[in-house]
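Below is one structure, written out as structure tokens, with a few remarks after it.
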Amino acid sequence: MDLRKNSQSEIAKQARNLGIKIYFNHVVTNTFGYRRINSVELMELSDDGNTTIGNKIKLNCDCLGISGGWTPMVHMHTQSGGKLDFKNDDQVFIPKEIDNDQISIGACNGDFDLETIIDKTVNKINIFLEINNQDYKNTKVECSIEKEKRNIWLLPNKIPLGKTKCFIDFQNDSTAKDIKLALKEGFRSIEHVKRYTTTGMATDQGKLSNMHALGIIADTAGVKMGTLGTTTFRPPFTPLTFGTIVGRNVGKFFEVVRKTSIHDWHVDNKAQFENVGQWKRPWYYPKNGETMHDAVQRESKAARDSAGILDASTLGKIDIQGTDASEFLNRVYTNAWSKLSIGKCRYGLMLNEDGMVYDDGVTTRLAENHYLMTTTTGGAANVLGKLEDYLQTEWPELDVYLTSVTDHYSTASVCGPNSKKIINKIFPELDLSDENFPHMSFKNTKLDNINCRVMRISFTGELSYEINIESKYGKSLWEKCISAGQEFNITPYGTETMHLLRAEKGFIIVGQDTDGTMTPSDLQMDWIVSKKKYDFIGKRSLYRSDTIREDRKQLVGLLTNDPKEILEEGAQIVSDTNTKPIDMLGHVTSSYFSPNLNKSIALAVVRSGKNMKGQKLIIPMENKNINVTVSDTIFLDKENKRLNA
Amino acid sequence: MLNTHYPQITDNKLNDVEISLQEPISKINLRGKSKEFFAKVGKVLSLILPNEANTSSFSENFNAIWLSPDEWMVYFKNDDEKVIFNKLYSEISKVNYGSVTDISDQWICINLKGSKIYDILSAGCSFNFDQFLKTDGLSTQTIVNHIDVILHNKNTYNINLFVRRSFSEHLCLWLNDSAKFI
């Protein structure tokens, strides 16, 4: 079928010679079939193309192909800011000449026959490149030229528009009726019609639909084609494979990987790794075919009984300098910082403006106006961004400068009752007495003439030292610690053991025991919120009616009635399984079997949990109910004796 | 004796792209706004810090890259890296003229040379290098293969790329892999 009245083109002649009947001046008015097409209905067009005339002709078929004719590919031109002109003779948009470093030649300029293309190309290139003569001037070619043209944007049909679906955009299923409705409702801008109907917004970016949509809009609005403008022709013009978009980011390049300077040692010592943010962190170090559970039990026991060592290099580190550094920390953290002595460290809790716990870490006062803040591993970049944002937008009056030093320092954390002896072997000249070097303090020292910063801080509840050194020496320092700790059976431990050890002490992990809805009070950490400070981020929100509700979910400890039963993290907690619907009180946030306590322990958030100590609750699981008792969050060494052991 | 370990980055030349590790290089982060700060930096380094965005300045021994209106990275090769740092820290940080932070191990410097280096970078970076490659001394902070980097155009088809140490091995593997396809 061809809606033109005739054609003398070469292809039409060949079709005729082959005995193929061409229905000129006809259009498809209907299709038939269930699940697949089996026939089409044709009708002849009137002279003006506005209606169909004559009898319906039914033709059997198993496929209907549609051609919209040639349309110049103006995408590059419009992408570089060029505008379009409507060429009325050909009913196509062509690039409007622009004073730019580009020319449009060939079909994209609306020239479809070879002779014109060569002729215009030669001329345009001559002008563009300022060439006078070239071999291709006056090239003559003979080719079949299609002269007959006829364009109808919306084919006529006996069936009213509302009763049939004249699809314009085959991907988004928008129809001619949708476009007409948009105009009826007052949309005039082509951009608005596009968005209202979603025409041209599918992955083909209007390749099939835009011209028809523009034509129907022009006809309906009674204006000339193109006067209402065009949308921007966008890539992807030719469909892309996913492979093109992904590029080489496959296999080992699928995800970005961060490694600590000690990574190779961990690999050599058969560590299993855990992804924490983009970091590869040692998870546990299985020995002789140990399961993860066995390895973690062994590592945890060793850390409490003698000595353990953890690669803590991934923690975020921010260097803070400036005369207002103390004031800055006062505003950032919930507790007070002005009176922290030089050489001392303090734990801090950072809130969002909504009063919910955002991050935590230990900050050390290196000098009068110089601090080193540590953040969680996953939160480092966000914390730095947030703090820099506050300095630039909220507190420009503060003289404070932040610099990320996360990668600059490597950190080996040695913990356990023998940690002091190991540190003493590494730094024999350092006075490690409690008087000279108490908990939550640091010392600058040297190892083989290399600067080191030793901090006595603990995330395990054990006597513990963290050694910070420039990363290029990180692996060497680690090996020195392993060597010095050999006689004490120093045991490298990974993040799983670290989680277990801190859970025994009831220390939270932001992001595991918190979920963006926990206030310090919910975490039973009211002690860290200063009542005296004028302000800090999130302070106002802590006194909202909702944040002071007594029945908020609060952090508690859980002990299973069967001490060998380990709860599943994320498991729901209820008090009664008989009432329907079951009232969910909270969920388990952290759960482990503690080899040091020889029982299962868990942390959980439970509604009104603070007042439920000793109360029996139920963890309903798929096959059974597990009975638990609400306990304190600290399971081990409540008196903190081990910190000074 | 403590040994130094740098990321495993093997010098490589492929398809007219030369990738080489440039460590050890000292790097110092400078932040400040006051005229005293600029005066002290000038005195210690004999260098005027660039104040135009994405530019750099250099002297016989030092390169200074603009990072933000009050932040610069100075890098240099020096046998005794701490002498310069200590001097700057004493003259600036200690007297509250600004902040001086040693970031020598925070960033790893990788040199890229060859006519195809921008083809490789463009494979994983949306930055338009048209102007950058034409002007010696320009710098930019951008993202290559999802990784933050600082680029410093030393001269024609010769740039220093600074990447955080933890990302450096991954980025270099990616650069070498990409070099196979240009």
How many partner chain Cβ atoms sit within 10 Å of a residue's Cβ in peptide A:397-404, on average, as a whole number? 5
For segment A:561-569, 3J(HN,Hα) per residue [Karplus equation, 6.51 cos²θ - 1.76 cosθ + 1.60, θ = phi - 60°, Hz, x = Gly/Pro]: 4, 8, x, 8, 6, 9, 6, 8, 5
Using Cα-Cα distances under 8 Å and only pairs 6 or more residues apart, what relative contact order does segment A:75-122 have, in percent? 24 percent
Mind putting a number on the dipole of segment A:531-610 about its Cα centre? Charges go on the C-beta only, +1 for Lys and Arg and -1 for Asp and Glu, and I need it in Debye to the nearest 20. 700 debye
With r as the distance between the Cβ atoms of A:Lys56 and B:Phe181 and R0 = 41 Å, compute the FRET efficiency 1/(1 + (r/R0)^6) and round to 0.05. 0.10
Pulled fully out, how much extra length does the chain show between A:Tyr534 and A:Asp583, if you take 0.36 nm times their separation in residues and subtract their Cα-Cα distance? 13.6 nm
What average count of beta carbons from other chains do you get within 10 Å of the Cβ of residues in B:103-110? 5
Under-5 Å amide H pairs with B:Ile108, H placed in peptide plane, nonlocal only: B:Val163, B:Arg164, B:Arg165
Under the 0.36 nm per residue contour assumption, what length would be gained going from the current alpha-carbon distance of B:Lys43 and B:Lys94 to full extension? 16.8 nm
Partner chain coverage, peptide B:163-172 - average Cβ within 10 angstrom: 6
Taking 0.36 nm per intervening residue step and subtracting the Cα-Cα distance, what contour gain separates A:Lys564 from A:Thr291 on full extension? 96.5 nm
A 27 angstrom limit on the alpha carbon distance is what I want to check against. Which of A:Lys446/B:Lys113; B:Lys33/B:Lys87; A:Lys287/A:Lys443; A:Lys96/A:Lys207; B:Lys82/B:Lys113 exceed it? A:Lys446/B:Lys113; A:Lys287/A:Lys443; B:Lys82/B:Lys113
From the phi of every residue in segment A:431-437, what ³J(HN,Hα) in whole Hz does the Karplus formula 6.51 cos²θ - 1.76 cosθ + 1.60 yield, where θ is phi - 60° and glycine or proline is x? 7, 9, 4, 4, 5, 7, 9
Mean separation of Cα contacts under 8 Å (6+ apart) over length of segment A:155-264, as relative contact order %: 21 percent
Here, trypsin sites (Lys or Arg not before Pro) of segment B:17-58 satisfying both criteria (DSSP loop; at most 15 other Cβ within 10 Å) are B:Lys33
Obtain the nm distance between the two label points defined at A:Asp637 and A:Val574 by a simple spin-label model: each point lies 7 Å from its Cα along the Cα-to-C-beta direction. 4.0 nm
Can you give me the distance in nm between label points at A:Val223 and B:Asp11, each placed 7 Å from the Cα along the Cα-to-Cβ direction? 6.6 nm
Number of Lys pairs in segment A:489-573 with C-alpha atoms less than 21 angstrom apart, excluding same-chain neighbours closer than eight positions? 4
Identify the GluC sites (Glu not before Pro) of segment A:148-212 meeting these criteria: DSSP loop state and at most 10 other C-beta atoms within 10 Å of the C-beta. A:Glu185
DSSP loop GluC sites (Glu not before Pro) in segment B:1-106 with at most 15 other Cβ atoms within 10 Å of their Cβ, which ones? B:Glu52, B:Glu60
Can you check how the C-alpha radius of gyration of the protein assembly as shown compares to 2.2 N^0.38 Å, as a plain ratio? 1.27
Value of relative contact order over chain A, rounded to a whole percent, pairs C-alpha under 8 Å and six or more apart: 9 percent
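Laboratory data are not the source of any read-out in this text; all were calculated from the coordinates shown. Fair warning: this is a prediction, and the values are worked out from it, not measured in the lab. Don't worry about glycine lacking a Cβ; one is built from the backbone with ideal geometry, like all the others, and counts go over all protein chains shown.
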